[in-house]
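Q: Okay, here's the structure, questions in a sec.
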Amino acid sequence: MNNRNNKLSAVLFMTILLILPIMTLASKKGTFSDVENRNLATPPKPSIEHIKDKSFMNGVEDYLSDHFIGRTKWVEAKVRQEILIGKEEINGVYILNDMLIQKLSPPDYEKVDKAMEAINNFASDNKANVYVMFAPSAGGIYSGELPTNAPIINQKAFIEYMYNKLNSNVTTIDVYNSLYAVRDEYIYYRNDHHWTPYGAFCAYKPAIKRLGFSEISYNKYHIEHASNDFKGTLYSKTLYDKITPDMIDLYNYEGGAKVLSVEVNDGMEIKEYESIYFREYLEEKDKYLVYLGQNQPLITIKTDVKNDRKLLVIKDSYANVFIPFLTQHYREITVLDLRFIRTSYNNIINMDDYNQVLILYNALTMENDDTLKVLNFK
Amino acid sequence: MVFSSLTFLYFFLPLVLSLYFISGKRVKNIILFLSGLLFYSWGEPFYVIIMIFSTLVDYTAGRIMDRYDNKPKVRTLVLLVSVCINLTLLSIFKYSSFLIGNMNNIFGTSFNDPNLPLPIGISFYTFQSMSYTIDLYMRNIKVQKNIINFTTYVTLFPQIVAGPIVRYADVEKEINNRKVSMDMVGYGAGVFLKGLAKKVLLANNIGMLWSEVKVMDYGKISALTAWLGILAFAFQIYFDFSGYSDMAVGLGKILGFNFPENFNYPYISKSVSEFWRRWHITLGTWFRLYVYYPLGGNRKGLPRTIINLAIVWVLTGLWHGASWNFVLWGIYFGILIIIERLVLGNILKKLPSAISTVYTFLAVLFGWVLFETNTLTDALRYIKAMFGGTRIPIDSLALYQLSSYFIIMIICIFASSDLFKTFINGIKEYKFTLKIYEVSIPIIQTVIMILCTAYLVDSTYNPFLYFRF
């Protein structure tokens, strides 16, 4: 190569080498990343101890990269390049044409069996009727659209497997088929791992019959499009921005039952709210939190329904968007999130209050946390 | 510190280069020496003492040999002492666990394993500084009286942790007096970026496939997955290692040094002997100069030649790591090379070059299986899977892996063979295309630098998501 070109290379190299750190130094340093949902690194403090165990050196690298100029832009550029060379999976997320789908690891059947046993024990320990509803995730409904040859988990068969493990005094609610029938509708978020309110509504229809009510039909609801720029967890994992952002829809039944109060017990104190929709989260990054707010150990919802039916819901976050539909049928709904519970449920609630219990989980993530074993504690 | 980190690229390097370029000739070595110490201590804040100690030993040995220039016995004694100290340090830190473990196994003893950590780069820098005393003893080089200059040589940050193994003789003149020019900075930047791209864009990417396959149950994987996996490793280790060497050579050029090249398209070799003349060249050179030739090389008859080769290859295996699979790996290549020398070599020459290239590549590939699996049983199970031992020739996972890594695999094949070089040389034939080539080089370099930065930033992209919440 000739002289002039080498000089140009030298100038370009040195310029980039100097400009990026200078801009990084000069830029404003935030303390929290919305996209990554975590605190950013603070400047490391040198000390003999920290140098010896290298935490100072690692701290420098963390600080530099957390505050690197235009951090998310770099990551976006990298993801685009990866897709360009044929990658269909980024950071555990499949990239489809019009949506992102979480890649799930195959179930651990030993854990699954234990969880089902816990439900059986719970059902025989208590008088209340126990209903179980495992919702498939998007990867189950859209398994045919995943990248060719991508490992597929047959969620329909898996849910059936779990239902078969349950005793006859447990009522199972099949929603897989109901969801599969409407797979062309907007039933899962494109950028988040949850289902949409419409997906939840389609599952509500068969569920509410099993629970002994007739459904409130879809056209009774007024649907408010509260936001159309929701980019959820799957977007955060990939930073792939070519997928249409999601809508946050709020379902309201004008002539229906009203929610009187929502009591949130976070384990330390009890706060009361007026609505099951937490509109303040519309302004934040994780807009799914609009539905029932942050996950909390215990939430009690009171309505003006004229009956004395009380329901206990044991759930993960899939239930958050489902529960609003239940408020039309029960005077009181208690929502228990076992992931925060380390003790027997009898210490928290009085089981005699309930004649129905609904256990609602996303089928594939349910077994990853062993929290259902809490149901074994009497 | 590693080259492929933001700390190195956007903190250490701009700082050191700025200071280095603006300071005068005399100060340059001091800056290099200090930056080398900082660079090394960054990864090894405690064991930097070992490196300083071994440097001082070799410096002193050099001075004493010089002082008693006409007393051969003193010179020999000093050489032996310095070589012994170096090898002892290497043995203690690299091989003590291995030796004690084997002794306990064989003799039923129960010595405690001190579990010493392996100081970064110890295999490289001890070999480097040993080259100084040995060459000085053989009167190939002059003594280095300036301690800063000598320490600068050992701690030269481009090559201290992963080579190439730069012999003192290679840089003797440049340590004392070298020219730093814009031209060389630009050329060096190009070589450095080529290495960075090899490491960050190719090795890390294709390496993900191998890390996926490596932890699978070898009794259950399909033949295609087994082949893809080990192929991925072959590319990963080549682009990782040669990328690191390129970065070192490039940085050397930027600072005004001409380091020896370490790789020369090893995967297109037509025999295993040729492979080893193209793979990790500086290590081969070191063993040839300081072990094989002093033992008599091939000048003492066939039986001695074979013994000498055997010694060199067991040592080469051991150099790569203190465990039996590396020894086995070394012996494997030793045997192949001896066979090639005795019979196969002449046959290979007569065969069509495609066949001998395929033979060599396969031999190397099976070598990597030995290298990467921890036990011989695992290695054999893996090789069995490659030949359909699991009775699953292809499954959907293998096809998914193939389609996910197809393009990167093609790029790897292209870049590791001389196809790419031939292509570039073809372009240079014509004036018009040559012009386009020259104009596009700085653009390509800029793109590479930006892309690599994106990968480095992303490697720490770490969203904390409550997936089940």
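Q: Using 0.36 nm per residue of separation minus the Cα-Cα distance, give me the extension gain between A:Thr31 and A:His222 in nm, one decimal.
A: 64.8 nm
Q: Using a cut-off of 24 Å between alpha-carbon atoms, which lysines can reach B:Lys173, once sequence neighbours fewer than 8 places away in the same chain are excluded?
A: Leaving aside lysines fewer than 8 places away in the same chain, those within reach of B:Lys173 are B:Lys25, B:Lys28, B:Lys142, B:Lys145, B:Lys253.
Q: Next question. Are there any trypsin sites (Lys or Arg not before Pro) in segment B:382-447 that are in a DSSP loop and have at most 11 other Cβ atoms within 10 Å? List them by number.
A: Here the trypsin sites (Lys or Arg not before Pro) that fit, given the DSSP loop and packing criteria, are B:Arg391.
Q: So which GluC sites (Glu not before Pro) in segment A:128-229 end up in coil per DSSP with only 13 or fewer other C-beta atoms within 10 Å?
A: Of the GluC sites (Glu not before Pro), the ones in loops of segment A:128-229 whose Cβ has at most 13 other Cβ atoms within 10 Å are A:Glu185.
Q: Through the Karplus equation 6.51 cos²θ - 1.76 cosθ + 1.60, θ set to phi - 60°, convert the phi angles of segment A:348-356 into ³J(HN,Hα) values in whole Hz; use x for Gly and Pro.
A: In residue order, the calculated couplings are 10, 10, 9, 4, 5, 5, 10, 9, 9 Hz.
Q: As an exercise, use a Förster radius of 30 Å and the Cβ-Cβ distance of A:Asp108 and A:Asp308 to find the FRET efficiency, rounded to the nearest 0.05.
A: 0.15
Q: What residues have an amide H closer than 5 Å to that of A:Thr196, excluding those fewer than 5 places away on the same chain, when H is modeled at 1.01 Å from N in the peptide plane?
A: For A:Thr196, the qualifying residues are A:Tyr188, A:Tyr189.
Q: How big is the protein assembly as shown along each principal axis, measuring the range of its Cα positions in Å and listing the largest first?
A: The Cα atoms of the protein assembly as shown stretch 111, 62, 59 Å along the principal axes, largest first.
Q: To continue, here is another question. Between segment B:65-103 and segment B:152-204, what is the C-alpha centre distance in whole Å?
A: Here the answer is 28 Å between Cα centres.
Q: Still on this structure, please answer the following. I'd like the orientation of helix A:71-84 relative to chain A: the angle between its Cα long axis and the longest Cα principal axis, in ° from 0 to 90, rounded to 10.
A: With rounding to tens, the tilt is 80 degrees.
Q: Say each of A:Lys54 and A:Lys258 gets a label point 7 Å from the Cα, pointing the same way as Cα to Cβ; how far apart are those two points in nm?
A: Spacing of the two 7 Å Cα→Cβ label points: 6.4 nm.
Q: Further, regarding this structure: For an R0 of 41 angstrom, estimate the FRET efficiency from the Cβ-Cβ distance between B:Lys300 and B:Lys142 and round to the nearest 0.05.
A: In this case the efficiency is close to 0.85.
Q: Please build a GNM for chain A, connecting alpha carbons under 10 Å apart, and tell me which residue among A:Ile51, A:Ile299, A:Ile341 fluctuates the most.
A: The residue that fluctuates most here is A:Ile51.
Q: Taking R0 as 60 Å, what's the FRET efficiency between B:Ser353 and A:Asn347 from their Cβ-Cβ distance, rounded to 0.05?
A: Result of the calculation: an efficiency of 0.15.
Q: Please give, to one decimal in nm, the separation of the simple spin-label points placed at B:Met103 and B:Leu15, each 7 Å out from Cα toward the Cβ.
A: 4.3
Q: Spin-label point model (7 Å from Cα, Cβ direction): what's the B:Ile407 to A:Ser124 distance in nm?
A: Calculated label separation equals 5.7 nm.
Q: Show me the three semi-axes of the equivalent ellipsoid for segment A:100-376, from the C-alpha gyration tensor (sqrt of 5 times each eigenvalue), largest first, rounded to whole Å.
A: 26, 24, 18
Q: Next up: Rounded to whole Å, give me the distance from the Cα center of segment B:16-34 to that of segment B:214-259.
A: 33
Q: A further question follows. Looking only at A:Met268, A:Met99, A:Met247, which one moves most when chain A is put into a Gaussian network model with springs between Cα atoms under 10 Å?
A: Answer for the Gaussian network model of chain A: A:Met268.
Q: So for segment B:6-178, Kirkwood radius off the Cα pairs, Stokes-Einstein at 10 °C and 1.306 mPa s: how many µm² s⁻¹?
A: The estimated diffusion coefficient comes to 91 µm²/s.
Q: Further question on the same structure: Rounded to the nearest 5, what is the percent of antiparallel bridges among the DSSP beta bridges in chain A?
A: The antiparallel fraction comes to roughly 60 percent.
Q: Would you mind calculating the gained length between A:Glu215 and A:Asp241 on full extension (0.36 nm times residue separation, minus the Cα-Cα distance), in nm to one decimal?
A: Length difference between fully extended and current span is 5.6 nm.
Q: After finding the eigenvalues of the alpha carbon gyration tensor for chain B, what semi-axes result from the square roots of 5 times each, listed largest first in whole Å?
A: In descending order the semi-axes read 36, 31, 25 Å.
Q: Among the listed pairs A:Lys73/A:Lys237; A:Lys87/A:Lys231; A:Lys45/A:Lys237; A:Lys242/B:Lys198; A:Lys73/A:Lys231, which are separated by more than 19 Å between their Cα atoms?
A: Flagged as over cut-off: A:Lys87/A:Lys231; A:Lys45/A:Lys237; A:Lys242/B:Lys198.
Q: To continue, here is another question. Just from the alpha-carbon atoms, what are the Rg and Dmax of segment B:299-437 in angstroms?
A: When restricted to Cα atoms, segment B:299-437 yields Rg and Dmax of 20.2, 58 Å.
Q: Follow-up. Let me have the relative contact order for segment A:3-69, percent, based on Cα pairs under 8 Å that are six or more residues apart.
A: About 32 percent, as a whole number.
Only the coordinates and a few stated rules stand behind these numbers; no lab work does. None of these values were measured; they are calculated from a predicted model. Note: ideal-geometry Cβ built from the backbone for every residue, glycine included; neighbour counts use all protein chains shown.
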